[in-house]
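To start, the structure itself, in structure tokens.
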Amino acid sequence: MLMYRIARKKPLNATVTLMDIEAPMVAKKAEPGQFIILRVDEEGERIPLTIAGYDREKGLVTIIYQVVGATTVKLNAKNEGDYLQDFVGPLGNATETEGLKKVAVVGGGVGCAIALPVAQKLHAEGCEVHSVIGFRSKDIVILEDEFRACSDELKVMTDDGTHGEKGLVTDALDALIQAGNQYDEVIAIGPIIMMKFVCKTTEKYGIKTIVSMCPIMIDGTGMCGGCRLTVDGQTKFACVDGPDFDGSKVDFDEAISRGAIYKEFERHAYDEACNLFKKEVK
Amino acid sequence: MADMKMPRHAMPAQDPEVRSHNFNEVALGYTKEMAMEEATRCLGCPKMPCKNGCPVQINIPDFVAKVAEGDFEGAYEVIHRTSSLPAVCGRVCPQESQCEKYCVRGVKGEPVAIGRMERFVADWHNAHAKEASAKPVSNGHKVAIIGSGPAGLTCAGDLAKLGYQVTIFEALHKAGGVLVYGIPEFRLPKAIVQKEVDGLKALGVEICTNTVIGKTITIDELMGEKGFEAVFIGSGAGLPKFMNIPGENLQGVYSANEFLTRINLMKAYREGSDTPIKHSLKVAVVGGGNVAMDAARCAKRLGADVSIIYRRSEKELPARAEEVEHAKEEGIIFRTLTNPVAILGYNNPDDRRDPKNGSVCGIRCIKMELGEPDEKGRRRPIEVKDSEFDMEMDCVIMALGTNPNPLIKNTTKGLDVNNHGGIIVNEDALTSREGVYAGGDAVTGAATVILAMGAGKQAAASIDEYLKNK
């Protein structure tokens, strides 16, 4: 029953890796903005990852992950030709792109992996796309060429100025808006704190801003309720109501707090997983 | 002649002090001698009031008589004629409000322990019978079952025995539905569920896990390009309910579904598990049903002091009597006539980076009293003015039931649902779409395993009728 073969594995930087997974049924339905849930092995936890691309004909789904915890360490230990235990999707709602004529797509860090297919889809539909992608430093910049190919304008930002312009994505976005660009919508995907400040930036201009939330979840189908967020004062479930929400209405601080619940556990598990692999290498 | 003097046999169980630290099964089951003796308490009433109290109409006096004779395989055959999952139902059915409620012996004393005997018979069969379940001859008709919980498993089993080519689609990575993600190991060992699932596979049923109907594939595609002639929706209950009180999204507030899924499906209670769970000191479980009892007893086993908070009185607790009894024996505190008004969060104004910020530190409750009965005859709980009080807690679990899952409704044209979101069916379990049947919690909202099984059974009969005449 092992069906989910890793068809391709490609490191994008020191900690971020791309994988194409054979999952024809998921590939057939996948749309930008949706996510999948995978388990690496029989004892593994279920983790959600937003879809970074798909090839319907070849039956492949692309995921891009950053090695941050025990599960991504285990995932990263798999190679081309290996299999994943479970791979289910596509889950959640696709990003709405219909009718958009001019959009700023803002990606931060590994979030760029999810922002890219959205930018590509908008571009393919004839929308004018301005992309702003931000990273800490030059050595972790990913997908720059891919963004350039689907963007009418591209701003690459680094915190330390080692590549592109020095500054935050919000600086570049603000400058673009100040320069007279009128966006139907801003779509921001990245760390919660980045999405929060993108929304603060666009709020003053009254531009609708969509954010993609990826909270902790288990089933991803509307059963466990772990992924709940407060949106416009109401409890919403990222898995069935999202993952895209109107950023001006999302309680980001609560989302940050909820996301931190297993921090301690994850740190220990990560250390253990790393030690385990070190031992195996020896 | 029935033995009128013999008292009802108690169920052997793990000692409460021992079991509140492990996840092994609590009730240990009757011995052969106990079962045979208990069976002699049955009067064999010709009108069989017990049978009429059973949602799947098991011929109870008949199976009990066989138990008394020591013919356990014969007893199993009687049960199995109408019930597909006897080892499960013997453990999780609320017998006191079904078969045993109508037992004549219960009028002046204690009812015959029908559930315990059912469990014994099923376990005996599982331990002794040589599985010779030959694959039935296929009739060539394809039926899709959505969900592998009690409704889906039952429907699949009945149809497979009739020769249908049955495929079950399951969203999670493991088959069993609520029997694996919801009900804990100590109440229903997962090996028993696995045995039932394996039994279906032996009958030729195909199980596709990791397939979310409405997302991975739709009902229209199943009935179109995939060639299924009928579909049964047994997708179960959906989104957990919350109270909409302040603090419900703090760190450390779980829905019972999430808490139980982490423990039961993902085995987060095991040392070294990849799936995390918060190990708390003081846990409040809000609600009074079986799910609340399961969550409370799991939290206890993870080492917490646990309180059940329920707004009505103990008499109205909807959980099975045995679960309440077991929970009490294990030291779970019942705070009845009490209702939460807010969950309190920790906030250190001097240190915004304090890791405890945003996590639960207590619960504010109000005392309740019972007023006039509502339309269902249950007395309505009313708040007692100015009776708020706070309790220290570091975890709160909400076990308030569920709302229907919108995935299938939103992706299936012409499928009618009621104003609660439950799928509308007629007495044959047929939905508003031709060839599409439904049953279990997806129709009724949160209910019991046996009612879901009954619905799966009805749907199987209706699907058979429909496809024979098509």
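Here, each number is a calculation from the coordinates, and none is a lab measurement. Only a predicted model underlies this, so the values are computations on that prediction, with no experimental measurement involved. Counting neighbours? That spans all protein chains shown, and the Cβs are built from the backbone with ideal geometry, glycine included.
Observations on the structure shown:
- Across the options B:Ala202, B:Cys103, B:Val137, the greatest Cα extent toward the positive end of the charge dipole of segment B:75-232 (unit charges at beta carbon of Lys, Arg, Asp, Glu) belongs to B:Cys103.
- Sparsely packed GluC sites (Glu not before Pro) within segment B:241-307, loop by DSSP, other Cβ within 10 Å at most 10: B:Glu271
- Listed from fewest to most Cβ neighbours within 10 Å, the set B:Thr431, B:Thr31, A:Thr201, A:Thr230 follows the order B:Thr31, A:Thr230, A:Thr201, B:Thr431.
- Here, P(r) means the percent of Cα pairs in each 20 Å bin from 0 to the largest distance; for the protein assembly as shown it is 16, 46, 31, 7, 0.
- Pairwise FRET efficiency - A:Asp253 versus B:Asp354, Cβ, R0 = 25 Å, nearest 0.05: 0.95
- Inter-site label distance for A:Ala94 and A:Lys200 at 7 Å from Cα along Cβ, in nm: 3.5 nm
- Among beta bridges identified by DSSP and lying wholly in chain A, the antiparallel ones come to about 60 percent.
- Computed E for A:Arg267/A:Glu42 - FRET, C-beta separation, R0 22 angstrom, nearest 0.05: 0.35
- Value of D in µm² per second that Stokes-Einstein yields for segment A:2-98, Kirkwood Rh from Cα pairs, at 37 °C (0.692 mPa s): 247 µm²/s
- Neighbour counting of Cβ atoms within 10 Å sorts the residues B:Arg364, A:Arg46, fewest neighbours leading, into B:Arg364, A:Arg46.
- Leading residue at positive end of dipole, the protein assembly as shown (Cβ point charges), from A:Gly225, B:Ser83, B:Asn418: B:Ser83
- Only beta bridges with both residues in the protein assembly as shown are counted; by DSSP, about 50 percent of them are antiparallel.
- Square roots of five times the Cα gyration tensor eigenvalues for segment B:388-470, Å: 35, 15, 9
- Label-point separation, B:Glu372 to B:Glu314 (7 Å along Cα→Cβ), nm: 2.9 nm
- Straight-line cross-link reach from B:Lys190 at under 25 Å between alpha-carbon atoms covers these lysines, not counting any fewer than eight positions away in the same chain: B:Lys32, B:Lys130, B:Lys135, B:Lys161, B:Lys174, B:Lys201, B:Lys267, B:Lys278, B:Lys300, B:Lys328, B:Lys457.
- Relative contact order computed over chain B (Cα-Cα under 8 Å; 6+ residues apart), in percent: 16 percent
- Coordinate range along principal axes, alpha carbons of chain A, Å, largest first: 56, 40, 39
- All-pairs Cα distance distribution in segment B:192-326, expressed in whole percent, bin size 10 Å: 9, 28, 29, 21, 11, 1
- Test item: Cα-centred dipole of the protein assembly as shown, Lys/Arg +1 and Asp/Glu -1 on Cβ, debye: 920 debye
- Between the C-alpha center of segment B:98-112 and that of segment B:1-69 there is a gap of 12 Å.
- Here the residues B:Leu467, B:Leu265, B:Leu85, ranked from fewest to most Cβ neighbours within 10 Å of their Cβ, fall in the order B:Leu467, B:Leu265, B:Leu85.
- Cα-derived Rg to Rh of segment A:102-259, Kirkwood definition: 0.97
- The label point for A:Lys102 and the one for B:Asn139, both projected 7 Å from the Cα toward the Cβ, are 6.5 nm apart.
- Annotation for segment B:1-48: trypsin sites (Lys or Arg not before Pro) lying in DSSP loop with at most 13 further Cβ atoms inside 10 Å of their Cβ are B:Lys5, B:Lys47.
- Chain A - mean residue ellipticity at 222 nm from DSSP helices (-39,500 (n - 2.57) per run, n ≥ 4, rounded to 500): -9000 deg cm²/dmol
- Exercise: per-residue mean of other protein chain Cβ atoms within 10 Å, A:222-235: 6
- Among A:Met157, A:Met194, A:Met223, the residue with the largest mean-square fluctuation in a Gaussian network model of chain A, with springs joining Cα atoms closer than 10 Å, is A:Met223.
- Inter-chain Cβ neighbour average for residues A:76-87, partner chain, 10 Å: 1
- Rounded to the nearest 500, the helix-only mean residue ellipticity at 222 nm of chain B stands at -9000 deg cm²/dmol, with each DSSP H run of n ≥ 4 adding -39,500 (n - 2.57).
- Degrees separating the helix A:192-203 axis from the principal Cα axis of chain A, which is the longest one: 10 degrees
- Ratio of Rg to Rh for chain B: 0.98 [Cα atoms; Kirkwood radius as inverse mean 1/r over pairs].
- Taking 0.36 nm per residue of separation and subtracting the current Cα-Cα distance, fully stretching the chain between A:Asp246 and A:Lys208 would add 13.0 nm.
- With viscosity 0.692 mPa s and temperature 37 °C, the Kirkwood radius over alpha carbon pairs of segment B:295-425 converts through Stokes-Einstein to a diffusion coefficient of 183 µm²/s.
- Each part reduced to its alpha carbon centroid, segment B:118-190 and segment A:207-253 end up 35 Å apart.
- Lys, Arg +1 and Asp, Glu -1 on Cβ, resulting dipole of segment B:253-398 about Cα centre, debye, nearest 20: 220 debye
- Ordering of B:437-450, A:207-220 by packing [mean C-beta count within 10 Å, highest first]: B:437-450, A:207-220
- Residue mean of other protein chain beta carbons inside 10 Å, A:256-263: 5
- Unit charges at the beta carbon, dipole of segment B:253-398: most positive-side option, B:Ser307, B:Ala296, B:Ser387: B:Ala296
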